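Heads up, the thing below is written out as structure tokens.
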Amino acid sequence: MAVPMKAHSIFSLRSKLLGVTNRFLHSTSRCSQQISAAAEENESRPAKTGIMMMNMGGPENVDEVHDFLLNLFMDKDIIPLPAQSKLAPWIAKRRTPKIQEQYKQIGGGSPIKMWTNKQGQALVNILDRISPETAPHKYYIGFRYVNPLTEDTINQMEKDGIRRAVAFTQYPQYSCSTTGSSLNAIYRHYAKNSELLTNSKLAWSVIDRWPTHPLLIQAFTNLIKEELAKFPEDVQDDVVLLFSAHSLPMSVVNRGDPYPAEVGATVYKVMEQLNFSHSYRLVWQSKVGPLPWLGPQTDETIKGLCKNGRKNMMLIPIAFVNDHIETLFELDLEYAGEYANECGVHNIRRAASLNDHPVFIEAMADLVKTHLESGKPCSKQMTLRCPMCVNATCGQTKQFFASQQL
């Protein structure tokens, strides 16, 4: 009798479990349907807050290289040239074949747009959750030199009925030639289109710099530690950390551009987080032309360290938030490949770019949420022109954003 009773108990328990399971599955299915419906409803609702992710951009294929270079060299904010309207097309045409070949070596085009889309979608997903009062959020891409161009993105945001717009620089360290250029483009577009400005219901604000945000620093630190662990164990303590950032002409630096100081601040905070575990230097890449640029140059530093007997080093792209030609070609193929081989480097690696690193995405979300909560149109620092500024538009741009009524 005992065995049948146990069997009956098992069958009874199984029956109860099946009943509970069926109810759970039904409940879960209903919950999933509700979540899906809510998501669809959220998608169908017009976005309340638009976030323009500002960057230089890059050609997605080799056919776009010429126009990218032409737009770049026509921009007086980044490269002021004599007789710009004539000289810029000549330089763009002359450099196109060389740059096309470089893009072919990294897959045929720039991944900046791909990474920016991934970053933007992850950003708004978090914002809709942590900042419901400003939701729904929608990200936009505003590139300076390739599609989607900043001006076209403004038009789209106006068309979409966005009420609160955040110009979110993807350059953590401010420079007049990068973030400044993007902000000038926004101001100029409204200044040239009086009807657009008159009818605009957009209230703009700016996240103009974020060189020492704690989560940005943590993301860099994590990536450095991960890369250090890939060096041979017996040389890990000997690795020199080379923080590489895009250089600037000294004429720009001497006007009072804050970029070098802000990059230096990022580097120091990262090293502080690492407990100053390694020797390090801040170095500069991508010099163009014969005029003096901020140094030391990254390639020359690699050669100099080798000459001095330090042959284990790591390259860290400290001023870029995603991979592009200056990481994939310049750092990886030229510096860590060609130059390192020439001078006899023993071990050289590059820390991965921020791209869609989860801590970096959290940093962006925290930045935007905190900025929206502040009710401020921009930082105090943004309102200050460079002491020797020669660009009248900069002052007008700063006034445009500082006077926004939020």
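The values are calculated or read from the model by the stated rules, or taken from the named source; none is laboratory data. Computed from a predicted structure; not experimentally measured. We place every Cβ from the backbone using ideal geometry, glycine too, and count neighbours over all the protein chains shown. Note: areas computed on protein heavy atoms with side chains; ligands, DNA, RNA excluded. Shrake-Rupley method; radii C 1.70, N 1.55, O 1.52, S 1.80 Å.
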Can you spot a residue in region 67-77 that is modelled with pLDDT of 95 or more and over 30 Å from ALA392 (Cα atoms)?
no
Heads up, the helices (runs of 4 or more DSSP H) in region 142-227 (entirely inside) with at least 3 residues that are under 30 Å from ASN275 (Cα atoms) are none
Those residues of region 47-65 which are over 21 Å from the mean Cα position of the chain (by Cα) and assigned to a loop (DSSP other than H, G, I, E, B) amount to ALA47, LYS48
Considering region 386-406, residues that are of a type in the set (S, T, N, Q) and either part of a helix (DSSP H, G or I) or closer than 23 Å to MET250 by Cβ (or both), and then whichever is most open to solvent (accessible area, probe 1.4 Å), we arrive at GLN399
Selection from region 301-325 of residues within 30 Å of GLU60 (Cβ to Cβ) and not polar (S, T, N, Q) yields MET314, LEU315, ILE316, PRO317, ILE318, ALA319, PHE320, VAL321, ASP323, HIS324, ILE325
Filter region 325-343 for residues that are among the hydrophobic types (A, V, I, L, M, F, W, C) and without any contact (Cβ under 8 Å) to a residue 40 or more places away in the chain; the one that is farthest from TRP284 (Cα to Cα) is ALA340
Restricting attention to region 305-325, does a residue exist that is touching a Leu at 6+ places or on another chain (Cβ under 7 Å), open to solvent by 10 Å² or more (accessible area, probe 1.4 Å) and not acidic (Asp, Glu)?
no
LYS287 meets each of (1) part of a loop (DSSP other than H, G, I, E, B); (2) within 23 Å of the chain's Cα centre (by Cα); (3) closer than 17 Å to LEU223 by Cα with one exception, condition (3)
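So that you can scan it fast, the table gives a plain yes or no per residue for (1) open to solvent by less than 10 Å² (accessible area, probe 1.4 Å); (2) in contact with a strand residue (DSSP E or B) (Cβ under 8 Å, 6 or more places away or on another chain); (3) not hydroxyl-bearing (Ser, Thr, Tyr):
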| site | (1), (2), (3) |
| --- | --- |
| PHE329 | no, no, yes |
| ALA336 | no, yes, yes |
| ALA340 | yes, yes, yes |
| ASP356 | no, no, yes |
| MET364 | yes, yes, yes |
If we keep only residues of region 74-109 that are of a type in the set (A, V, I, L, M) and assigned to a loop (DSSP other than H, G, I, E, B), then the residue surrounded by the fewest Cβ atoms within 10 Å (Cβ to Cβ) is ALA83
The correct count of residues that are among the basic types (Lys, Arg) and either crowded, with 19+ Cβ neighbours inside 10 Å or in a helix (DSSP H, G or I) (or both) in region 236-284 is 1
Flagged in region 365-385 as within 25 Å of SER251 (Cβ to Cβ) and part of a helix (DSSP H, G or I), in numbering order, are GLN381, MET382, THR383
(message) open to solvent by 10 Å² or more (accessible area, probe 1.4 Å), over 20 Å from PHE360 (Cβ atoms), among the hydrophobic types (A, V, I, L, M, F, W, C) and modelled with pLDDT of 95 or more: is that true of LEU149 in this structure?
(response) yes
Check: Has region 344-352 got at least one residue that is closer than 19 Å to GLU262 by Cα, hydrophobic (A, V, I, L, M, F, W, C), assigned to a loop (DSSP other than H, G, I, E, B) and open to solvent by 30 Å² or more (accessible area, probe 1.4 Å)?
Finding: no
Of the residues in region 152-196, those that are within 13 Å of GLY57 (Cβ to Cβ) and open to solvent by 40 Å² or more (accessible area, probe 1.4 Å) come to ASP152
Residues of region 213-227 being within 20 Å of LEU305 (Cα to Cα) and surrounded by fewer than 19 Cβ atoms within 10 Å (Cβ to Cβ), in sequence order, are GLU227
Taking the criterion of being crowded, with 22+ Cβ neighbours inside 10 Å, touching a strand residue (DSSP E or B) at 6+ places or on another chain (Cβ under 7 Å) and small (Gly, Ala, Ser), would at least one residue in region 288-299 satisfy it? no
